Amino acid sequence: MVHGTHNAVKDLRNDEVLISINGELFKRSEAKISVFDSGYLVGDGIWEACRLYEGVLVFFDLHCDRLWRAAKSIHLDLKMTRDELKKSIWKVLDANDMHTNVHVRFMITRGIKKTPSQDPRLTISGPNLVIIAEHKKASEESKEKGITLFTSTIRRGSPDYLDPRLNCHSKLHEVQALIQAIEAGADEALMLDINGCVSTCNATNFFMVKNGEVWTSTGQYCMNGITRHNLLKVSKSLNYPTYEKNFSLYDVYDADEAFVTGTFGGVTPVSKIDGRIIGTGTFGKISRALSDGYKALIKSEVNKHQSLS
């Protein structure tokens, strides 16, 4: 059985969800896009994923901030406003009668090419927007069990050739890292930066706890995680000494606790890294407090938006 940070409780409703392609709804089995799409041909696209809780798309503004920054970075005119994007997402949610514990992924590519090519001047359509919403609740059993990590030889790249903060469709190096980890018997991959310091995981951001302090990487070579951003706020609000800094595997192997963060799983403990048990190999005291604090932040976000509606 596949085990990792994206383990979800099985929900048969997902077999019948409607998916949006440029505003038109399709059954899951019929949702298709052209083989001439820029994303399919050369990975030319960007994406976001957010969560729906109790009728609220939590931290949606932060996700939009990241999406629009990414679009500017790759010189892509999204041809829509934030409000138009939000209306498109709600069209999908309403069509699927979705209210809570929903994961929404929206992907935008440069558009259709007239022939297979990297050249953006050969794009003959506007951007393609695909919205996939699924009933997805993180498996509490998986969260309590935690995950194991293996340090991949695939490095997080330098910002001067593919900035790791760019949430783009080009994820092949992360897939390669994950394959290495799986073949080594671990659940997911830990990745170093170009200087050999611990950076991030293949799909989540990495944190460790040492002597009551919370450490994560500098952010220069890791994903620009929304949950990472919020977790740093939570940690500081709980008065834990919190640092974004360089550190190595030497530090990690001696950590008291470790965990990863992501939009879907929130806070997931790490039980073992490269065969070494981390702390007691269970959800640590500080990791648990941070997880509870993050859940409280989500609840506060929901209450805030519900009071305004």
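The values are calculated or read from the model by the stated rules, or taken from the named source; none is laboratory data. Here the structure is a predicted model, which is why all the values come from computation and not from measurement. For neighbour counting, all protein chains shown are included, and Cβ atoms are generated from backbone atoms with ideal geometry for every residue, glycine included.
Would you please name the residue that is surrounded by the most Cβ atoms within 10 Å (Cβ to Cβ), looking only at residues in region 42-67 that are of a type in the set (A, V, I, L, M, F, W, C) and without any contact (Cβ under 8 Å) to a residue 40 or more places away in the chain?
Going through the qualifying residues, I end up with Phe60.
Would you be able to tell me the number of residues in region 198-248 that are surrounded by fewer than 23 Cβ atoms within 10 Å (Cβ to Cβ), assigned to a helix (DSSP H, G or I) and among the small types (Gly, Ala, Ser)?
Qualifying residue count, region 198-248: 1.
Any idea which of Ile131, Ile147 is in the same structural domain as Leu190 (by TED's automatic domain parsing), crowded, with 20+ Cβ neighbours inside 10 Å, among the aliphatic types (A, V, I, L, M) and touching a Lys or Arg at 6+ places or on another chain (Cβ under 9 Å)?
It is Ile147.
Determine if region 41-55 includes at least one residue that is on the phi > 0 side of the Ramachandran plot and acidic (Asp, Glu).
yes
Out of all the residues in region 91-104, which are farther than 14 Å from Lys137 by Cα and surrounded by fewer than 17 Cβ atoms within 10 Å (Cβ to Cβ)?
Those that are farther than 14 Å from Lys137 by Cα and surrounded by fewer than 17 Cβ atoms within 10 Å (Cβ to Cβ): Lys91, Asp94, Ala95, Asp97.
Gly39 - would you say it is assigned by TED's automatic domain parsing to the domain that holds Leu129, of a type in the set (Gly, Ala, Ser) and either modelled with pLDDT under 95 or surrounded by fewer than 16 Cβ atoms within 10 Å (Cβ to Cβ) (or both)? Reasoning before the result, please.
Details: assigned by TED's automatic domain parsing to the domain that holds Leu129: yes; of a type in the set (Gly, Ala, Ser): yes; either modelled with pLDDT under 95 or surrounded by fewer than 16 Cβ atoms within 10 Å (Cβ to Cβ) (or both): no.
Here the answer is no, as Gly39 does not meet what is asked.
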